[in-house]
1. Take each of the peptides B:79-92, A:42-55, average the number of other beta-carbon atoms within 10 Å over its residues, and list them starting from the highest.
2. Averaged over B:43-50, how many beta carbons belonging to a partner chain fall within 10 Å of each residue's beta carbon?
3. One quarter of the convex hull surface, Cα atoms only: what value does that give for chain B in nm²?
4. Give me the net charge of B:Ala81's neighbourhood, meaning all other residues with Cβ under 10 Å from the Cβ of B:Ala81; Lys, Arg count +1, Asp, Glu -1.
5. Once the cut-off is 13 Å, how many percent of the Cα-Cα pairs in segment A:1-63 end up in the long-distance tail?
6. How many angstrom lie between the C-alpha centres of segment A:45-89 and segment B:55-82?
7. Given a cut-off of under 8 Å on Cα pairs at least six residues apart, what relative contact order in percent is computed for segment A:10-57?
8. Among A:Lys45/B:Lys71; A:Lys45/B:Lys14; A:Lys2/B:Lys9, which pairs are too far apart, with a Cα-Cα distance over 25 Å?
Amino acid sequence: RKEVEQDPGPFNVPEGATVAFNCTYSNSASQSFFWYRQDCRKEPKLLMSVYSSGNEDGRFTAQLNRASQYISLLIRDSKLSDSATYLCVATTHATGRRALTFGSGTRLQVQP
Amino acid sequence: NAGVTQTPKFRVLKTGQSMTLLCAQDMNHEYMYWYRQDPGMGLRLIHYSVGEGTTAKGEVPDGYNVSRLKKQNFLLGLESAAPSQTSVYFCASRPTGTTFLDTQYFGPGTRLTVL
């Protein structure tokens, strides 16, 4: 079983739509969570961190449910420029290395 | 301030050849990482370093070696390339943060094909 699992998609949505991605993690010791965005053939870039209380950054809202071990990302009013792969990420600090554990990504295609 | 850079950007190798991928960062970060990304697999950690002169294995270290002789550079070596090592390789770095919500900075990647 993968440590971080995501629906690979693709999610095809029209401009202006609201879309939600979910992600589950299996390691209960995971402490920090992030959403990264990756454009085709580019490096991943941090979209937002995920706080326990949930957090919002413009059109993007991230939620964390520790009891169920899942993380979500909501994108409102989708833009064409939101088309990308969204990577769910967890990190565990007990190992001391603080490396990121990535899900395989969910692809979003926003249609005009 | 170039951030994280990787050399080369593309490379084609024949099975059994060796090569070294170079990662350089100018942000004075302590931690550096090498990941590989394969289709449908996400990024997987190969090796990492928590400081100059130190390295450690990640989740997929077999077939790779690394060195961190200078704080700003992290080298990934393939001694005898195999087709299974065809992948996109990303280097990343991060500072030693006091908050657990610190992030990693990625280089642009190296696309390696082993024939």
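Values quoted throughout were computed directly from the atomic coordinates according to the rules given, and no laboratory measurement underlies them. Quick caveat, the model's predicted, so the values are computed rather than measured. Note that each Cβ is placed from the backbone with ideal geometry, even for glycine, and that neighbours are counted across all protein chains shown.
1. Numbers: B:79-92: 18.0, A:42-55: 16.4.
Ranking the peptides B:79-92, A:42-55 by packing returns B:79-92, A:42-55.
2. Details: counts 13, 3, 5, 0, 1, 4, 1, 3.
Counting other chains' Cβ atoms within 10 Å and averaging over B:43-50 gives 4.
3. Working: hull surface 28.0 nm².
One quarter of the hull surface, i.e. the mean projection, equals 7.0 nm².
4. Numbers: positive: B:Arg11, B:Lys14; negative: B:Glu79.
Result for the neighbourhood of B:Ala81: +1.
5. Details: 1435 of 1953 pairs.
Across segment A:1-63, Cα pairs with separations above 13 Å total 73 percent.
6. 32
7. Numbers: 28 pairs, mean separation 11.9, N = 48.
The normalised contact order for segment A:10-57 reaches 25 percent.
8. Values: A:Lys45/B:Lys71 23 Å; A:Lys45/B:Lys14 32 Å; A:Lys2/B:Lys9 29 Å.
From the list (A:Lys45/B:Lys71; A:Lys45/B:Lys14; A:Lys2/B:Lys9), the Cα-Cα distance tops 25 Å for A:Lys45/B:Lys14; A:Lys2/B:Lys9.
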